[in-house]
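Comments concern the structure below.
Just so it is clear, none of the values below were taken in a lab; they were calculated from the coordinates. Worth saying up front: this structure is predicted, and the values here are computed from it rather than measured. Neighbour counts are summed over all protein chains in view; Cβ atoms, including those assigned to glycine, are modelled from backbone coordinates with ideal geometry.
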Ligand code: GUN
């Protein structure tokens with residue numbers, strides 16, 4: 001029987017585990033604060049940011065939301081970032097991507113105080129992660145690590161194939177999994193749109209992570225018997241539903257499930273974990289800043 005990995009349940013346990021740290025901060029008179037910054041009107045981003053704000057409320061984190069018009073000059077976003085850097089009540093914040101075309105996301109990230117960079121995207125934090133001394137693990141890769149932990153898969157020496165080389169998922173996840181650490185020591189292959197013989201590389205893997213942003217790219221024919229399949233994709237594809245779309249992962253679920261020993265669903269797999277790890281990083285930021 002293939003295990004369907006319940007990301008909601010793992011995330012819910014993680015949120016409960018955070019309560020101790022939140023109470024310790026409260027005893028010291030501090031309450032963690034997370035700000036979300038959204039520039040523009042991208043509907044998917046609006047949904048994500050709303051969910052992050054709701055999460056904050058549920059676990060006892062102060063949520064602050066900043067909205068910036070999509071047509072505003074980049075300087076308006078930079079000013080908001082400077083304000084958040086200076087605000088002692090904001091322990092961490094994220095600037096939701098994508099930003100409008102006239103704004104360079106790298107210039108944005110460079111301005112974020114690394115101590116408040118709970119996405120873990122600032123070059124200083126990327127450098128720390130690659131050096132094996134991460135301050136904030138980026139939320140999605142960290143969530144994937146926790147899901148792998150939950151199914152008790154042995155990473156030591158395992159073959160992991162990651163499909164996707166993004167700065168947000170593929171690159172940091174590869175770096176985390178190869179590290180000499182209890183949750184590392186894997187052998188990682190990172191594939192992308194120019195990779196040749198992709199099927200060979202996914203089929204030989206003990207663990208396949210699909211994070212390419214291509215709907216149903218990985219099907220059962222690309223999965224080895226008994227592999228663990230983690231689907232990071234959240235693709236909106238047009239469908240005859242009330243909303244006019246449905247959410248589809250990067251994995252063709254049914255055919256991949258037939259081969260896998262464990263697999264994450266979309267929704268309800270990686271998504272809730274990404275959100276939980278943002279709360280985790282916020283509490284960590286607050287603990288570091290208040291001590
Ligand atoms: N857009 C998609 N995923 C993310 C994320 O993890 N952080 C931010 N800031 N924007 C995103």
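Just a few scattered comments:
- Span per principal axis, largest first, for the Cα atoms of the stretch 83-139 (Å): 34, 27, 17
- Acute angle (nearest 10 degrees) that the helix 74-86 long axis makes with the longest principal axis of the chain, alpha-carbon atoms: 70
- Using a cutoff of 8 angstrom between alpha carbon atoms and counting only pairs six or more residues apart, the relative contact order for the chain works out to 22 percent.
- Where labels lie 7 Å past Cα in the beta-carbon direction, separation of residue 154 and residue 258 in nm: 3.0
- Rounded to the nearest 5, the antiparallel percentage of DSSP beta bridges internal to the chain is 10%.
- Crossing angle, helix 139-150 versus the chain [Cα axis fit, 0-90 degrees, rounded to tens]: 50
- Projected onto their three principal axes, the Cα atoms of the chain cover extents of 52, 41, 35 Å, largest first.
- Sorting 121, 136 by the number of Cβ atoms found within 10 Å of their own Cβ, with the fewest placed first, yields 121, 136.
- Between the alpha-carbon centres of the stretch 141-179 and the stretch 24-92 there is a gap of 28 Å.
- Mean-square fluctuations from a GNM of the chain, with a 10 angstrom spring cutoff on Cα atoms, peak among 152, 119, 89 at 152.
- Length gained when the stretch residue 195-residue 58 is fully extended (0.36 nm per residue, less Cα-Cα span): 45.1 nm
- Debye intensity ratio in log₁₀ form over the Cα atoms of the stretch 26-88, taken at each q of 0.25 Å⁻¹: -1.09
- Angle between the chain longest axis and helix 7-17 axis [Cα atoms, degrees, rounded to 10]: 40
- Arranged from fewest to most other beta-carbon atoms within 10 Å of their beta carbon, 162, 64 become 64, 162.
- Ranking of 39, 273 by count of other Cβ atoms within 10 Å, fewest first: 39, 273
- Value of relative contact order over the stretch 84-126, rounded to a whole percent, pairs C-alpha under 8 Å and six or more apart: 40
- Whole-angstrom Cα spans of the stretch 47-136 along principal axes, big to small: 39, 33, 25
- Value of relative contact order over the stretch 127-269, rounded to a whole percent, pairs C-alpha under 8 Å and six or more apart: 19
- Convex hull volume per residue in cubic angstrom - Cα atoms of the stretch 139-271: 103
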